[in-house]
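Structure record follows, encoded as structure tokens.
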Amino acid sequence: MRQNAYEAFLTRRGIGKILAASLAAFGILSAAFQVALAIWPSLARQGVWVLLALAGSCVLIGAYHSWPRFGTDHSYKHPDFVILVKCGDIFNEKGNVIVGFTDTFDTDMCDGIVINPHSVQGQFQAKYYGGDTGSLDVRLDEYLQFVRTIGCETAEKKRKGKLKRYPIGTTVALNYGEVRIYALAYGFMRNDLRVSCSVDALWKSLTSAWNAVRINGSLEPVAIPIIGSELARVGSLDRTSLIKMIALSFVASSREEIVSRQLTIMVHPKDRRSVNLIDVEKFLESL
């Protein structure tokens, strides 16, 4: 179910966060009032009004600090890195960007039958190649020639697109000046041109992506969209759960060997209301 900021604010966790922040504010403000009372004893005559003002101020401060702003970030130690979750265009990020592909590395956007032009991959191809997918195919093939295929479809079975299949998790690093795009094969392209992905396949793909970033990224910031949330829906996981999975995978890999000093998980503006940021914040704090 989609949940906007106001609805998330009124969940049990949201109200709990308001109360915790309000109590913290009460401790600080009541201490300040005791000091003020010692200096100006006449304030005691306004006890009821002071109490109401104190209570109101605590609630307002608690609500202000608890309101789910989009987004959030959390820093970690040993090793030092930060995870950010924010709303925006992933291609405005600098450094490393992970883009989801299928196991066939299809690129054909003609009529949107094979690759949807509005997908992250489609946006990437439009931004860096216009309509010339041939140039992208050449660059992909330069890398993939050294990767063992795990199967090859026939034109009779797969009527459009490429036929060779590569292992899930195969990651191709493509350099564009200061930006490095990681083309990550996380989805299985069915012969009917629908894409699917399991939880296990997504976890394996993320682990492979972090390893590629670790090798090629020089600890520079890396950004990733909520892969698995569109056409390659991962089981019944919603976007909030997928964000948690991406963050957990990154933390687990970083604690084996650091991947990057900063991970940014990008939420498309149209999906903002379908992410429970309070839940995400709590999860990041627990890792």
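The values are calculated or read from the model by the stated rules, or taken from the named source; none is laboratory data. Predicted model only: the values in this text are computed from it and were never measured. Because the Cβ atoms are built from the backbone with ideal geometry, glycine has one as well, and the counts that use them run over all protein chains shown. Accessible surface areas use protein heavy atoms only, side chains included; no ligands, DNA or RNA. Shrake-Rupley method; radii C 1.70, N 1.55, O 1.52, S 1.80 Å.
Some notes on this structure:
- Annotation for residue 150 and residue 77: the two label points, set 7 Å from Cα along the Cα-Cβ direction, are 4.0 nm apart.
- By a 1.4 Å probe calculation restricted to protein chains, residue 258 has an accessible surface near 40 Å², given to the nearest 10.
- Counting heavy atoms of the protein chains alone, residue 87 has an accessible area of about 40 Å² for a 1.4 Å probe.
- Amide hydrogen proximity for residue 107: with H placed 1.01 Å from N in the peptide plane, the residues at 5 or more positions away or on another chain lying under 5 Å are 162.
- Derived scalar couplings ³J(HN,Hα) [the range 133-148; Karplus, 6.51 cos²θ - 1.76 cosθ + 1.60; whole Hz; x for Gly, Pro]: 6, x, 5, 5, 4, 4, 5, 5, 5, 4, 8, 5, 5, 9, 9, 6
- Relative to the current alpha-carbon distance between residue 160 and residue 116, full extension at 0.36 nm per residue lengthens the span by 14.5 nm.
- Members of 204/282; 77/244; 94/160; 86/244; 127/164 lying beyond 23 Å, as alpha-carbon distances in this model show: 204/282; 94/160; 127/164
- Using a probe of 1.4 Å on the protein chains alone, the accessible area found for residue 133 is around 40 Å².
- Taking Lys and Arg as +1 and Asp and Glu as -1, the other residues whose beta-carbon sits under 11 Å from that of residue 162 total -2.
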